[in-house]
Amino acid sequence: MTTKNFKDFFLSMSADERESYAKSASTSTGYIRTQLIGRRRTPRPSLMRNLANASNGQLTINDLTSFFYHQPVQPTSEATDHQ
């Protein structure tokens, strides 16, 4: 499985698509551009889930954790029990 890059994903969208994506993820395009794309901030788990969900299957939590932490996070049995 290929990991998708969050920056490439976001920048490939039109301005209107970015706005819609950010709104669906409960954030703003400005926050994504200034804080997340350059990895100045790491989103909290709730925002990371929102970013993945708003991508309509184009990004996974592992894609995002790989982008922000430079390595995928393996789910624990406790994390998978709550899904």
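Ranking request for peptides 57-65, 36-44: highest mean number of other beta-carbon atoms within 10 Å first, then the rest in descending order.
Averaged packing, sorted descending, gives the order 57-65, 36-44.
Test of understanding: ordering 48, 13 by Cβ neighbours within 10 Å, fewest first, what list do you get? All intermediate terms of the calculation are to be shown ahead of the outcome.
Details: 48 21, 13 14.
Taking fewest neighbouring Cβ atoms as first place, the list is 13, 48.
By how many nm would the segment from residue 5 to residue 56 grow when fully extended, if each residue of separation counts as 0.36 nm and the alpha-carbon distance is taken off? Present the calculation step by step, with values, prior to reporting the outcome.
Values: separation 51, 0.36 × 51 = 18.36 nm, distance 1.49 nm.
Result: 16.9 nm gained on full extension.
With charges only on Cβ, +1 for K and R and -1 for D and E, what is the dipole size of the stretch 6-72 about its Cα centre, in debye, rounded to 20?
On the way: 9 positive and 5 negative charges, 70 e Å.
The dipole of the stretch 6-72 has a size of about 340 debye.
Each value in this text was obtained by applying a stated rule to the coordinates, not by laboratory testing. Given the structure is predicted, the values throughout are model-derived calculations rather than measurements. Positions of Cβ are backbone-derived with ideal geometry, glycine not excepted, and every protein chain shown enters the neighbour counts.
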